[in-house]
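Please read the structure below before turning to the comments.
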């Protein structure tokens, strides 16, 4: 699933600079001299512009944005066809929560594409999945493996195929399995991309799935799970990992917490559940999942490694800070090979 962000007073207007970085020049503002600030000028123009003119300008901008979006979308498709070959599927299910989130909150400043209008949603959605495949390929190369040569790959919490549509152009669909707690998502991905799939469960202990996989990829599940379910799902996914296999999973780390939990409203709601684990009761599923189960979880590297050590879950081979979408930390957990 996608990352969750607070929407409302806690939403930042733009990404904040790193500590110590120079602040961008905002230009003159009220109280800084004789030149009026941009906010004052904009507000004055809005008050003086007749409603009919405002409507015409708004309609004209919408048409212009749509035309620009179409041109950029065609350019993206040409580039992706060049890199992935023909047959890349662009169909998106109408129930796809990630696509709906991108479209409805197009102004959110942390999308992988800086969006100017709702018409940019499809391009942003595709770029996001494309980047994920590149990240997975690079991480596997770092660990001496090639995505295209894997014997089995499980995409867990797969959603509606944002990543899968690119994955099946790198790895034989017969070697790919997807899973999600949303049954309609699993059905759509199986039927659209020709992969295997099974329904997940809310409780890790209820999942009856004996098969093991060479690589398991979990994007933005552990960035949402409540602490009561967090380590249970880590243990269950580790059980599904074949000996010598790799579990790749992402989390909201300290960087994401500092970036996303902004403003007194959300800082006051952030609950410290344990040392290195904090939680917000908010998600983007529109009530499909309770926020007490699936909210916004923020963990430190020490917490993750502590859970791995406590439960004997192999070895954390690598940690890539802010690897996915420039926001979520990516962990690589390796299961020991079976002894001869």
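Laid out as a table, the results:
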| item | result |
| --- | --- |
| Mean separation of Cα contacts under 8 Å, 6 or more apart, over the residue count of segment 67-184: relative contact order % | 25 |
| Computed E for residue 228/residue 318 - FRET, C-beta separation, R0 25 angstrom, nearest 0.05 | 0.35 |
| Spin-label model distance (nm) - residue 258 vs residue 146, 7 Å beyond Cα toward Cβ | 4.0 |
| Residues 201, 164, 177 arranged by fewest to most Cβ contacts within 10 Å | 201, 177, 164 |
| Gap separating the Cα centres of segment 267-340 and segment 109-147, nearest whole Å | 20 |
| Taking 305, 339, 77 and counting other C-beta atoms within 10 Å, the order from fewest to most | 339, 77, 305 |
| Packing-based exposure ordering (other Cβ within 10 Å, fewest first) of 291, 220 | 291, 220 |
| Segment 229-312, relative contact order [Cα under 8 Å, separation at least 6], % | 28 |
| Cα-only radius of gyration and Dmax that characterise segment 128-206, units Å | 12.6, 35 |
| Residue-span extension gain [residue 310 to residue 265] - 0.36 nm each, minus C-alpha spacing | 12.7 nm |
| Estimated inter-spin distance, residue 72 and residue 211, nm [label 7 Å along Cα→Cβ] | 3.8 |
| Length-normalised contact order for segment 121-334 - Cα pairs under 8 Å, 6+ apart - percent | 17 |
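Read the figures in this text as sums done on the coordinates, not as results from a lab. In this text, all values refer to a predicted model and were calculated from it rather than measured experimentally. No Cβ is skipped: glycine too gets one built from the backbone with ideal geometry, and neighbour counts run over all protein chains shown.
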